[in-house]
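A short write-up of the structure that comes next.
The values are calculated or read from the model by the stated rules, or taken from the named source; none is laboratory data. Quantities reported herein were computed from a predicted structural model and do not represent experimental measurements. Backbone-built Cβ (ideal geometry, glycine too); neighbour counts: all protein chains shown.
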Amino acid sequence: MATTKKDIRALSKEQLREFFVKQDDKAFRGNQVYEWLWSKSAHTFEDMTNLSIETRQMLEDNFVINHIHVDTMQKSSDGTIKNAVRLHDGLIVESVLIPTKTRTTACVSSQVGCSLDCRFCATSRLKRMRNLNPDEIYDQVVAIDKESRLYHNKPLSNIVFMGMGEPLMNYNNVLKAIDKITSPEGLGMSPRRIVVSTSGVPKMIRKMADDEVKFKLAVSLHSAIDEVRTSIMPFNATFPLKDLREALVYWFEKTKNRITYEYVVWKGINDKREDAEALVQFCKFAPSKVNLIEYNPIDDGEFQQADSAATDMYVSILERNNITVTVRRSRGKDIDAACGQLANKQ
Ligand code: SF4
């Protein structure tokens, strides 16, 4: 009878050590294998050259390594790279490398499709098929780090969880992936260089505060008026702004960390003075930064970037209220790699 082999990367280091003891081998063999799996990103047991041939065969007989594969890689004229990543069950997610003069940032996915239904976002049309495992998130980062070194001669400096999916709807796996990314036995990156971007799940923001996470929080807000926000992000009816705001107050009281808001200004939707003033009222309780992001239209043209006068109006109102504001130009538009465009199109 055929048996399904277990993915070895689902085991902790302690579990690997116990496995080898049960095999009448030394516990430290587990450390060796763990190092191969994570800091050396071995794709096969064959690669584990400091293990005997018998040990490698025994691992082969018992386990698989469900590595991701970069199916296609597209390069934008601005240096942005988009990977279509095939998972062990054939599903595909996308991740993006965004190089600038000062940093190279990986934008990674946390779910196949998305649990939420933001109307301006291409990913929402895929619906959620499943959560990514910690190793599938970690592998996206490793693949992008390699590309950064190869094409831009520098290692990855930052990570944003802004690809496909709502990271706080896959919280445990995102946390485990970040543990590996920041661990000296993984990539050893500082958690301060990692941003988890959420559409705003109040309960999970509170949990992050209770868990004393060290990475940064960004909220895709897009409107501070419930009626407007619900019309573009329907889940806002379930998690209204009042609940989101209370969760953010809790986050700030616990962490004292500045909150970043991602915000797109669309023509005829949130481009009025009252929209900008509502934003100020929403975020002025704590040190905040607002990123005004250029919108990348998806196929139906329902959402259009507001004209520059509306952006200027937002900038002046925010600055007048001592809220840091940046206007972010989009990258990788020619390969559908920009924010909100990830939809497994090739
Ligand atoms: S914007 Fe983010 S949370 Fe909203 S549907 Fe798209 S991927 Fe999901």
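Against the conditions (1) part of a helix (DSSP H, G or I); (2) loosely packed, with under 13 Cβ neighbours inside 10 Å; (3) not polar (S, T, N, Q), PHE282 satisfies every one except (2). Put simply, of VAL174, VAL201, VAL196, VAL141 the only residue that is surrounded by 20 or more Cβ atoms within 10 Å (Cβ to Cβ) and farther than 30 Å from THR102 by Cα is VAL201.
When segment 93-120 is filtered for residues that are more than 11 Å from the ligand (Cβ to nearest atom), in a loop (DSSP other than H, G, I, E, B) and under 16 Å from the mean Cα position of the chain (by Cα), only VAL108 remains.
Among the residues of segment 170-180, are any of a type outside the set (Asp, Glu), in a helix (DSSP H, G or I) and under 18 Å from SER124 (Cβ atoms)? Within segment 170-180 (the criterion being of a type outside the set (Asp, Glu), in a helix (DSSP H, G or I) and under 18 Å from SER124 (Cβ atoms)), the answer is yes, since at least one residue qualifies. If you go through segment 98-118 and keep only what is charged (D, E, K, R) and either modelled with pLDDT of 90 or more or surrounded by 23 or more Cβ atoms within 10 Å (Cβ to Cβ) (or both), you end up with just ARG103. Screening LYS40, LYS26 for residues that are without any contact (Cβ under 8 Å) to a residue 60 or more places away in the chain and farther than 24 Å from ILE181 by Cα leaves exactly one candidate, LYS26. Filter segment 238-247 for residues that are within 14 Å of the ligand (Cβ to nearest atom) and without any contact (Cβ under 8 Å) to a residue 24 or more places away in the chain and give the result. Scanning segment 238-247 gives a single hit, THR238. In segment 121-138, the qualifying residues are those that are more than 15 Å from the ligand (Cβ to nearest atom) and crowded, with 23+ Cβ neighbours inside 10 Å, and the one that is farthest from the chain's Cα centre (by Cα) is ASP135. Would segment 155-178 turn up any residue that is away from the ligand (no atom under 16 Å from the Cβ), touching a Pro at 6+ places or on another chain (Cβ under 9 Å) and over 23 Å from VAL201 (Cα atoms)? Within segment 155-178, none of the residues are away from the ligand (no atom under 16 Å from the Cβ), touching a Pro at 6+ places or on another chain (Cβ under 9 Å) and over 23 Å from VAL201 (Cα atoms). Considering the conditions (1) assigned to a helix (DSSP H, G or I); (2) within 18 Å of LEU150 (Cβ to Cβ), ALA84 is excluded by exactly one of them, (1). Please verify whether segment 82-94 includes one or more residues that are over 30 Å from ALA237 (Cα atoms), among the polar types (S, T, N, Q) and in contact with a helix residue (DSSP H, G or I) (Cβ under 8 Å, 6 or more places away or on another chain). Yes: segment 82-94 contains one or more residues that are over 30 Å from ALA237 (Cα atoms), among the polar types (S, T, N, Q) and in contact with a helix residue (DSSP H, G or I) (Cβ under 8 Å, 6 or more places away or on another chain). Report yes if some residue within segment 183-196 is within 16 Å of the ligand (Cβ to nearest atom) and within 18 Å of VAL108 (Cβ to Cβ); otherwise report no. Scanning segment 183-196 turns up at least one residue that is within 16 Å of the ligand (Cβ to nearest atom) and within 18 Å of VAL108 (Cβ to Cβ). Is it true that PHE252 is surrounded by fewer than 21 Cβ atoms within 10 Å (Cβ to Cβ), away from the ligand (no atom under 16 Å from the Cβ), in contact (Cβ under 8 Å) with a residue 60 or more places away in the chain and part of a helix (DSSP H, G or I)? Here the answer is no, as PHE252 does not meet what is asked.
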